[in-house]
Each structure stands twice: as structure tokens, then as C-alpha cells.
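Before we start, here is the structure in question, set down as C-alpha cells.
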Amino acid sequence: MQTVAAAAGVSLMTVSNAYNRPDQLTPDTRERVLQAARLLGYPGPDPAAQSLRRRSTGAIGVVLTARLTDAFTDPGLVTILHGIASQLSDARRALLLVPTSAAEGTFPVRHAIADALVLCDLAAGDPAVTDALSRRIPLVTIGHPKLSGVPLVGIDNAAAAALAADHLTALGHQRFCVLTVAEDAPAAGPAGSTGGRPSIAARAAGFAAALAAAGIGADRVIQLKTANAAPDAAAVVSGVLARPPGQWPTAIFATTDVLALGALAAARAAGAAVPRQLSVVGFDDIAESAASSPPLTTVSQSLFVQGQTAAQIALRLIAGERPASKRLTAQLVVRGSTAPPPQSPP
């Protein structure tokens, strides 16, 4: 900067203002400084050094699964990120996507340059959570984990899944299939690390508990696990529907809408009429759910609002406030994919 100042014939403070406070200079003076810098090959102040000096990066990190591609392909996670981004954009803050793990020997959460972190659906024992806590910077969680002193935004997944079970049992269903995300499959929803998403486990457990309360035992429930992708879900459900119709479940509960849409595709391929022969319920209420054929009955939660709220809390924490957790509600949206079971095997 001293070399640039000498070349431009200005003070060191003028060079600093040219990059950091351009409103303090006339356009001609700033351009003279920047032209001198270009001729000397000086790119401007080092961003990392500026962050250290200011003790602020201007960015908030969102800790996701190790598969960053999920941030762009999973509709539920995309909606959460949209909510976060909308709030950060208004606050003139940047959004940093942080995987829980990367190449061996690297620690993305430990080294993320951010003023606060939003943890999305991580298990409490995930090493990324330990790394985040050790940073001693503001933290917010969406869904999970529940950490002492850390604000949490989200719904009660178990209670929300029970709404789906109560709806199906009230219709008279007795034979079920629960379609969920395999723990060792790449996660692709409101995401945590690769597998073991606490929200998914809570949904499956809440549905099972509600069935048990209705007197329906585990012997009347088929459990299927797969990656959170519609083609994978369609493949495993097709295996069930390859049995004689009298051995089909009469209702499928999928722990994500992505899985439920795959189940609808499998039903169409097998010639199973939804909902006359087979009812299907999803979870999340992504945009594709209302547009499916038939429209999907699903547990609706406002993923956009969850993202917005988490970002608002993170910004308030950075400002020195102490906002409380925000528990949101979920509701069952009944559409055309559920009906009473057939009176006799189809």
C-alpha cells in the first residue's frame, strides 16, 4: 500500500479509502489510486487479513452434509437455503456453504471463515458439531441437534409424523409400508452429515409410535430404506408391488416428499390405483407435491420460514442479542393421494 501511495502521489490513508471507503474520495482520486495499483500488480487488501483486523467476515456459514451437491438438487434443502439467503441478502451478508467433512485431514467447520454457523439436522455426536462448539461463535440449529444454550428452529418431527399415522388409521388402514432414508445413504433433505439424519429417524419413530397407540403392531408394517431420491424410492417400492395385490400394504408413509413421489411413480408402473388401491403420504410439502398425480397428501412444514428464522436469529446473535429458540408448527395437508383402503384385496 505504501508503494501504491508513492506511485499515485497520495497518502496511505487515501489508498485505504480507495478500497474500503470509496465514498470518502472523489472519483478521479480513487481511479488514480486503482490505476497505480493495477500497474504495480497490487490486487488490494487481503480479505483474510481484513477479516482478522475487523473481527468480522461478513458471512454466515450453513453446515450441510458432506455432499454439497444436495444444496442444489434437493428441493427441501433448496427451500431452506432460499429462506436463509433472503434474510442475509437484506442484511448485506454473504452465505457460505460448509460440508461436515471433506478430504481426509481437512476440517471444514473448524476452518470456515464465518461470523456465525447454522447447523442443519446434525446428530449431536457428529464431529462437526464438536468443531462448531469449539469455535465459540454464534450458533443456530435447524431441526437438530438440540444443544444447551444454542437457539433451535424447527418442528417436532415425531409429533408431525403422528398426524400422518392418525389420518391413515382413521381412514381404516391396517397394513402399512414406511419408506425412509437409509442411514448410510447420502442425505438429501434439510441435511446433516451423510446418513443418520435425526429428523428422518424422528419421523419414522413418531409414525411407528402412533400406529402402536392405535393397536397396530410392527408385524403389519413393511420397512423400506433407500437413498432420498425418487428413482431409488420407486425401485424399492416396485419390489413390494411385485407381490400379489392381496399382499400389498394399503398405505405408504414416506419420511420425505421426494420418497413419496417415487412411491407414486412405482404405483403407476405397477398399475396400482392411488388412492383407491394404495394411499401415499409424504412429508415436507415441497412444491412438487401439490402438482403430482394425484396431488400428494403430506405433512406440511414451512421450510422457507425455518431458513428465514434461523438467519434472523444468527444476525441477532452477532449483534449481541440473546434470541430464544423458535418452535414452528406442522400440519397435515390432505390431497388426492389418500382414501379408505379397499374393502377386499384389489
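Can you find, within the range 7-30, the residue that is modelled with the lowest pLDDT among those that are in a helix (DSSP H, G or I) and exposed (fewer than 13 other Cβ atoms within 10 Å of the Cβ)?
Top of the filtered list is 20.
Another one. So which residues in the range 297-326 are assigned to a loop (DSSP other than H, G, I, E, B) and basic (Lys, Arg), if there are any at all?
Let us first name the residues in the range 297-326 that are assigned to a loop (DSSP other than H, G, I, E, B), namely 301-302, 319-325.
322 - this is the single residue of the range 297-326 that is assigned to a loop (DSSP other than H, G, I, E, B) and basic (Lys, Arg).
May I pose another question? Given the criterion closer than 16 Å to residue 175 by Cβ and of a type in the set (A, V, I, L, M), identify the matching residue among 258, 236, 274.
Step by step, each of 258, 236, 274 is checked, and only 274 is closer than 16 Å to residue 175 by Cβ and of a type in the set (A, V, I, L, M).
Could you pull out the residue among 324, 339, 311 that is within 17 Å of residue 121 (Cα to Cα) and touching a residue at least 24 places away in the same chain (Cβ under 8 Å)?
311
Of all residues being closer than 16 Å to residue 99 by Cα and small (Gly, Ala, Ser) in the range 126-150, which is surrounded by the fewest Cβ atoms within 10 Å (Cβ to Cβ)? Just the residue, please.
Among those residues, the one meeting the criterion is 128.
Check off (1) assigned to a helix (DSSP H, G or I); (2) surrounded by 14 or more Cβ atoms within 10 Å (Cβ to Cβ) for residue 35 and give me the number that stays unchecked.
Unmet for residue 35, out of (1) assigned to a helix (DSSP H, G or I); (2) surrounded by 14 or more Cβ atoms within 10 Å (Cβ to Cβ): (2).
Right, next: Just need a number here: residues in the range 38-82 that are among the charged types (D, E, K, R), at pLDDT 80 or above and assigned to a helix (DSSP H, G or I).
1
What about residue 89, is it over 16 Å from the mean Cα position of the chain (by Cα) and either in a helix (DSSP H, G or I) or not assigned by TED's automatic domain parsing to the domain that holds residue 149 (or both)?
When the stated conditions are applied, residue 89 passes them.
Related question: Which one is modelled with the lowest pLDDT, of the residues in the range 92-134 that are acidic (Asp, Glu) and either assigned to a loop (DSSP other than H, G, I, E, B) or touching a Ser or Thr at 6+ places or on another chain (Cβ under 6 Å) (or both)?
The residue in question is 104.
The values are calculated or read from the model by the stated rules, or taken from the named source; none is laboratory data. On a predicted model such as this, the values are computed, not experimentally measured, just so you know. Reconstructed Cβ throughout: ideal geometry from the backbone, glycine too, with neighbour counts over all protein chains shown.
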